[in-house]
Amino acid sequence: MDLIKYLNWRYATKRMNGTKVPNEKVERILDAINLSASSIGLQPYIVLVIEDENLRKQIKSIANDQPQITECSHLLVFAAWDNLTEKRIDDFLKRMQEVRGPLPSKMKDWEIYLKNKARNSSADDNFNWNARQAYIGLGTALIAAAAEQVDATPMEGFDSQALDALLKLDAKGFAQRPYHAIRLSRCCQRLSGKSAESSQGKRKDVYPVIIGGAKKT
Ligand SMILES: Cc1cc2nc3c(=O)[nH]c(=O)nc-3n(C[C@H](O)[C@H](O)[C@H](O)COP(=O)(O)O)c2cc1C
């Protein structure tokens, strides 16, 4: 696979012709998001896949009338958890256990660390941390789309509060508040095997992606 070739092909597509992206390509892009790295493997965000034309028209009107929103065939909305809470961490661990069976004892340190972080940080700081993880997923989605030869545009130009209200995200504990900084970390050489919280080959089962409002299990 020549990744640089795909990345040279990619650009932020400002106009689209409405051609429907085949479902199997969308699924592969979602799988790539599921396999994305996130701090401690928590992946504290959801992805909504919006195909409904009427809903996309409403979103366009709160997104500076940007044409891609109705010209595309699939609109992916990344929504980060609005906070990090002990309940969310417990739910996550429960889900991990359901999927993987008993967790390695090392995960106890992880749980303590995360619960301390949740307790000792403000909701805003927790949200910003969650949003940074969502941006990693967004980056992965763009690369995966390029590899699938699917045109894509990353977008922030929307009224996030209005989008939260339209998609009822605040009621579900998610937020679309924009976050403007993207951090890139340098790749490092693989020095050891996979860690306990590694997403490799497991992310799909552990973290549900919401498609059109229905949970994918
Ligand atoms: C986080 C982010 C937000 C963006 N928001 C928008 C947007 O709202 N509308 C848009 O048309 N392009 C948007 N872009 C696309 C950039 O304008 C585009 O990536 C940049 O001009 C570089 O062009 P390229 O991606 O084709 O190399 C955004 C890009 C990023 C990374």
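Structure notes:
- Any hit, region 37-54, residues being part of a helix (DSSP H, G or I), within 16 Å of the ligand (Cβ to nearest atom) and surrounded by 20 or more Cβ atoms within 10 Å (Cβ to Cβ): no
- For region 122-156, the tally of residues that are of a type in the set (Ser, Thr, Tyr), part of a helix (DSSP H, G or I) and away from the ligand (no atom under 11 Å from the Cβ) stands at 1.
- Residue 57 being of a type outside the set (A, V, I, L, M), loosely packed, with under 15 Cβ neighbours inside 10 Å and not in a helix (DSSP H, G or I): no
- Residue that is surrounded by the fewest Cβ atoms within 10 Å (Cβ to Cβ) [pool: residues in region 7-22 that are within 13 Å of the ligand (Cβ to nearest atom) and hydroxyl-bearing (Ser, Thr, Tyr)]: 11
- Any hit, region 83-102, residues being in contact with a strand residue (DSSP E or B) (Cβ under 9 Å, 6 or more places away or on another chain) and either of a type in the set (A, V, I, L, M, F, W, C) or in a helix (DSSP H, G or I) (or both): yes
- Filtered residues of region 69-84 (kept if within 18 Å of residue 132 (Cβ to Cβ) and without any contact (Cβ under 8 Å) to a residue 60 or more places away in the chain): 84
- Among (1) more than 21 Å from residue 171 (Cα to Cα); (2) of a type in the set (Val, Ile, Thr); (3) within 13 Å of the ligand (Cβ to nearest atom) - the single one residue 70 does not satisfy: (3)
- One residue stands out in region 80-96 among those that are away from the ligand (no atom under 15 Å from the Cβ) and hydrophobic (A, V, I, L, M, F, W, C): the one that is surrounded by the most Cβ atoms within 10 Å (Cβ to Cβ), namely 81.
No value in this document is a laboratory result; all are computed from the given coordinates. Quick caveat, the model's predicted, so the values are computed rather than measured. Positions of Cβ are generated from backbone atoms using ideal geometry, with glycine treated the same way; all protein chains shown enter the neighbour counts.
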